[in-house]
Amino acid sequence: MRMPVRMVEPGELEVVVGIHRRAFGSDVEANLARALMHDPAYLPELSLAGERAGRLLGHVVFTRMWLVPDERGPEVPLALLAPLAVVPEAQRTGVGTAVVQAAIRRARELGEIAMLVLGHPEYYPRFGFEPALPRGIRAPYPIEPAEAWMVLPLSPAAEELPSGVVRVADPIAGPDMWRE
Ligand SMILES: CC(C)(COP(=O)(O)OP(=O)(O)OC[C@H]1O[C@@H](n2cnc3c(N)ncnc32)[C@H](O)[C@@H]1OP(=O)(O)O)[C@@H](O)C(=O)NCCC(=O)NCCS
């Protein structure tokens with residue numbers, strides 16, 4: 001059965017923060033998710049939640065980030081996927097897959113150029129993500145292992161991206177946020 005995936009209502013913000021708290025077993029990602037959802041860079045149309053039997057089980061946050069070219073040129077708007085969470089009792093039942101696939105579809109409809117993620121290199125390639133460094137797109141800090149920093153091209157413009165480093169929203173700009 002295909003899982004309903006939808007945008008989050010303003011009144012559900014703390015519910016989805018709770019999904020991140022339980023999935024990661026810590027307040028760090030929960031506080032990050034909350035701060036990002038209040039940040040001007042928040043992308044509500046991509047930040048979708050998966051629902052089963054009237055209960056929200058998984059959620060992803062997207063924020064706007066900018067690729068700052070090494071050579072002179074305009075900054076390029078890209079989308080950052082972070083964090084993604086599924087409540088423990090629903091993990092490995094397809095919730096994360098449904099949420100990410102729906103966000104990818106929506107991002108294409110909206111004309112996004114590419115999305116990036118710092119995540120498990122075993123998980124994201126199934127959606128088409130590939131290592132970002134070989135394309136010249138660097139994270140704000142060096143990533144170990146480098147393959148955990150991944151990009152998913154969404155439009156032909158992704159093939160023309162300049163080399164550069166990304167500039168991200170304040171709540172996710174600290175070095176602690178860039179350790180796998
Ligand atoms: C990682 C996570 C988002 C995946 O969502 P999910 O709904 O559990 O995953 P799906 O059911 O869509 O996909 C399941 C497949 O993903 C893979 N997978 C799931 N969790 C994984 C993990 N932590 N590392 C690597 N692969 C993982 C497995 O291959 C799994 O297939 P299997 O059950 O046959 O082994 C979820 O498990 C989660 O919230 N984990 C804790 C928080 C976290 O680590 N989030 C960061 C994501 S970068």
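Only helical DSSP H runs with n ≥ 4 go in: add -39500 (n - 2.57) per run for the chain, normalise by residue count and round the 222 nm mean residue ellipticity to 500 deg cm²/dmol.
Estimated from H runs of four or more residues: -6500 deg cm²/dmol.
Angle check, please: helix 27-37 long axis (alpha carbons) against the longest principal axis of the chain (alpha carbons), in degrees 0 to 90, nearest 10.
70 degrees
Quick one: if the Förster radius is 30 Å, what FRET efficiency do E9 and R92 give, using the C-beta to C-beta distance and rounding to 0.05?
E between E9 and R92, to the nearest 0.05, is 0.65.
Under a GNM of the chain (C-alpha, springs under 10 Å), which listed residue has the highest mean-square fluctuation: R55, R64, R106?
Largest GNM mean-square fluctuation: R55.
Need the C-alpha centroid separation for segment 51-113 versus segment 126-161, integer Å.
Value for the Cα centre distance between the two parts: 14 Å.
Mind listing the phi-derived Karplus ³J(HN,Hα) values for segment 90-95, rounded to whole Hz, using 6.51, -1.76 and 1.60 with θ = phi - 60°, and x for any glycine or proline?
10, 5, 6, 10, x, 5
Fewest Cβ neighbours within 10 Å first, please rank M177, M150 accordingly.
M177, M150
S155's amide H: which non-local residues (gap 5+, or another chain) put their own amide H closer than 5 Å, with H modeled 1.01 Å from N in plane and none for Pro or chain starts?
The answer is none.
Treat the count of other C-beta atoms within 10 Å as a stand-in for reagent exposure and order V68, V61 from fewest to most.
V68, V61
As I understand it, the value is the acute angle between the Cα axis of helix 13-24 and the longest principal axis of the Cα atoms of the chain; what does it come to in degrees, rounded to 10?
80 degrees
Can you tell which of P145, S26, L118 lies farthest toward the positive end of the dipole of the chain, using +1 and -1 charges on the Cβ of basic and acidic side chains (Lys, Arg; Asp, Glu)?
S26
In debye, nearest 20, what is the charge dipole magnitude of segment 29-145 about its Cα centre with +1 on Lys and Arg Cβ and -1 on Asp and Glu Cβ, if you could check?
With Lys and Arg at +1 and Asp and Glu at -1, about 280 debye.
Taking 0.36 nm per residue of sequence separation and subtracting the Cα-Cα distance, how much length would be gained by fully extending the chain between D70 and A146, in nm to one decimal?
Stretched fully, the D70-A146 segment lengthens by 25.4 nm.
Modelled label-to-label distance, V165 and D39, 7 Å Cα→beta-carbon offset: nm?
Simple spin-label model gives 1.7 nm for this pair.
Using the Karplus equation 6.51 cos²θ - 1.76 cosθ + 1.60 (θ = phi - 60°), what ³J(HN,Hα) coupling, rounded to whole Hz, does each residue of segment 117-134 give in order, writing x for Gly and Pro?
My calculation for segment 117-134 gives 8, 9, x, 5, x, 8, 9, 6, x, 4, 8, x, 5, 9, x, 8, 4, x Hz in order.
Bear in mind that the values in this text are calculations on the coordinates, not laboratory data. What you see is a predicted model; the values in this text were computed from it and never measured. When we count neighbours, we look across all protein chains shown, and the Cβ atoms used for this are built from the backbone with ideal geometry, even at glycine.
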